[in-house]
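Take a look at the structure set out below.
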Amino acid sequence: MDNLRRFETISDYNAFNNNETLHPLVSVVDLSKASPRQGSRMYFGFYTIFLKDVKCGDLVYGRHTYDYQEGTLVFLAPGQVAGINSNGETYQPKGYALVFHPDLIHGTSLGRNIQDYTFFGYQSNEALHLSERERKIVLDCFSKIEYELEHAIDKHSKRLIVSNIELFLNYCVRFYDRQFITRDNVHKGILERFENLLNEYFESEKPQTIGLPSVAYCANELNLSASYFGDLIKKETGKTAQEYIQVKVIDVAKERIFDQSKSVSQIAYELGFKYPQHFTRLFKQRVGQSPNEYRLFN
């Protein structure tokens, strides 16, 4: 799986999968039309969403390998590389891919809000697992986009195609919300591990050497993408991951402030703050008192 196939244009990808190019910037690719092939890594210069309908090997994405089940959606942003490791075996692709170039959505509502669809930054092991009913809705959205592509291009085409892509992505936001709830046990474990990670961090020398723990650091330690981790913590706690870390910092600070042998500046440095005034500002903002006032009046 060492060879890298590059797909810069929609027509490149259509040709690879034996699909006709009906529009230069968008396509609903029927993967069952593709010739049987072995796994390879692929670079995509456009937004790509896979709906897989067959077990065809492991999806390799970044540093992670994902056991690719039927009925999952995986989202790739332009510039990402993913591939199938079929262990040298030939397989027949099945399912669909919705692909669209960033140029399609420039100047549209979707173009202005595409960064809100954070699942384009998720890792493959954070794929969306569809119920049968959800899968039908996804296929219905693809069918509407396909209908517009087969219709002669007119002044309405772009708006209707982009609106249907936006509708599909909004359904995916809902389905991910459902997945966060239905996979509650898995996520409770992540929240517990996050809490343990922060406890261990502040009991170690890391704050003095690395600084305050970042969201990216915590996500990496938990083997999650920063986007998925941030969305998960927000759904579970109502706080952003950054706010959750800040609450933890303040809780640890409240304990340490009562150690009279240390100045507020020393405590700030111990917690990972470069500048004590930043610690004082955050503490007052969160607690309503400065660290010195808290030490005196509590």
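The values are calculated or read from the model by the stated rules, or taken from the named source; none is laboratory data. The shown structure was predicted, so the numbers you read here are calculated from the model rather than taken from an experiment. Don't worry about glycine lacking a Cβ; one is built from the backbone with ideal geometry, like all the others, and counts go over all protein chains shown.
Couple of notes before you dig in:
- Meets criteria (assigned by TED's automatic domain parsing to the domain that holds residue 230 and within 22 Å of the chain's Cα centre (by Cα)) for residue 121: no
- Hits in segment 115-160 (condition: outside any loop (DSSP other than H, G, I, E, B), within 20 Å of residue 97 (Cβ to Cβ), touching a Phe, Trp or Tyr at 6+ places or on another chain (Cβ under 8 Å) and touching a residue at least 40 places away in the same chain (Cβ under 8 Å)): 119, 120, 121, 124, 125, 126, 128, 134, 138, 139, 142, 145
- Some residue of segment 121-140 being within 22 Å of residue 22 (Cβ to Cβ) and either in contact with a strand residue (DSSP E or B) (Cβ under 8 Å, 6 or more places away or on another chain) or among the polar types (S, T, N, Q) (or both): yes
- Yes/no for residue 270 being under 29 Å from residue 76 (Cβ atoms), of a type in the set (D, E, K, R) and either assigned by TED's automatic domain parsing to the domain that holds residue 127 or at pLDDT 90 or above (or both): no
- In the set (1) part of a helix (DSSP H, G or I); (2) surrounded by 15 or more Cβ atoms within 10 Å (Cβ to Cβ); (3) not small (Gly, Ala, Ser), residue 278 fails one condition alone, (2).
- Cβ pairs under 6 Å, 6+ apart, first in segment 199-216 and in the same structural domain as residue 251 (by TED's automatic domain parsing), second of a type in the set (Phe, Trp, Tyr): 213/201
- Each residue in segment 36-60 was checked for being over 25 Å from the mean Cα position of the chain (by Cα) and modelled with pLDDT of 95 or more, and 0 of them qualify.
- Within segment 161-181, the set of residues being surrounded by fewer than 17 Cβ atoms within 10 Å (Cβ to Cβ) and in contact with a Phe, Trp or Tyr (Cβ under 8 Å, 6 or more places away or on another chain) comprises 173 only.
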